[in-house]
Amino acid sequence: MAKGTFHRRSTIALSAKKKGSESRSFGFKKSIYAIAAAALIVAVGVGLWQRELFNKPVKAEMPGKESRCSGQNVVVRSPVNADALIACEGARDAIEFLASKDLDVPNDVAIEIVMKLPPVECSFAAGCYLESERRVFILVYSEFKKFKTWFGVPIDRTLYRSLVSHEVAHVVAGFNFKILTPSIQAKEYIAYITQFSIMEPVQRERVLSQFPCEAFEGDWQMGATIYMFDCMSFGVRAYRHFLKLANGRDYLHAILNGEALVE
Ligand SMILES: [Zn+2]
């Protein structure tokens, strides 16, 4: 669909090829199905700990050059041009999707593509959004690809793009929340439904087919514990829930207003 262009901050302009079938991603399937309640408690604990650290400034490895995505309020810092181009596409997809649901678009989005994510804050993930600094960190594609699969399918650049979309959706959602402390499930619901919505249909079906789980039936099923237990299944079930809604736009705004998916 969309074509994107990407400009070096100076004068060099790069054109992005038509986006293929890409999508986003997030944490790796931690095979914790077999882990019992004790492990679940640990997982939740880690989540809270990470959230606490989100409030502290982070010194991340500074990657290469800074570039501005053409036509967007998005700046990407990346050591790899090709990755920056994909980041621009993923950011554009997320912003366009959420703007189509009447979310406001932030006037600045910063994406840093790095060889290594900031420690602790981003453990077990291929990308993360640091709320306190409003910065997105994404692994360089070559590192992401080392995971081999994501959402149960082989990693390619389309999945990489969807990873960026997920994280940028966090930025946009953060800009639109009307409540001070939205729940984890509220933030992740918006990020995941954005990620899946912007995927090319063929790839989306490929990913969804890996998860035979049913749609969430309602808010009461979408707790933080469910998310922490298996974030990918949470994402798929959230997306299926979103598809069933009579008015997805209104539901998103209910989340942003603190009327749905509250703690
Ligand atoms: Zn997320």
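Per Stokes-Einstein, at 4 °C and 1.567 mPa s, what whole-number D in µm² s⁻¹ belongs to region 101-153, with the Kirkwood radius over Cα pairs as the hydrodynamic radius?
Details: Rh = 12.5 Å.
Result for D is 103 µm²/s.
With 21 Å as the limit, write out which pairs from K148/K187; K101/K187; K101/K244 have Cα-Cα distances beyond it, or answer none. Walk me through the numbers on the way to the answer.
Values: K148/K187 27 Å; K101/K187 16 Å; K101/K244 16 Å.
Distance filter (> 21 Å) returns K148/K187.
With just the Cα atoms defining each centre, how far is region 165-188 from region 237-263? Give it in Å.
Answer, in whole Å: 12.
Mind ordering 127-138, 242-253, 64-75, 218-229 by average Cβ neighbours within 10 Å, highest first?
In descending order of packing, they fall as 127-138, 64-75, 218-229, 242-253.
Report the semi-axes of the equivalent ellipsoid for region 65-171 in whole Å, largest first, where each axis is √(5λ) for an eigenvalue λ of the Cα gyration tensor.
20, 15, 14
Starting from the exponent 0.38 and prefactor 2.2 Å, build the expected Rg for region 118-263 from its residue count and divide its actual Cα Rg by it.
Here the Cα radius of gyration is 1.00 times the empirical estimate.
Would you mind calculating the gained length between A246 and M115 on full extension (0.36 nm times residue separation, minus the Cα-Cα distance), in nm to one decimal?
Full extension from A246 to M115 adds 43.0 nm.
Skipping prolines and chain starts, which residues have an amide H placed within reach, meaning under 5 Å, of the one on R77, given they are 5 or more residues away or on another chain?
Those qualifying (amide H under 5 Å, at least 5 residues apart or on another chain) are S67, I111, E112, I113.
The numbers here are math on the coordinates, done by the rules we state, and not lab data. Bear in mind that the values here come from a model prediction, so they are computed numbers and not experimental data. Note that we place each Cβ from the backbone using ideal geometry, even for glycine, and neighbour counts take in every protein chain shown.
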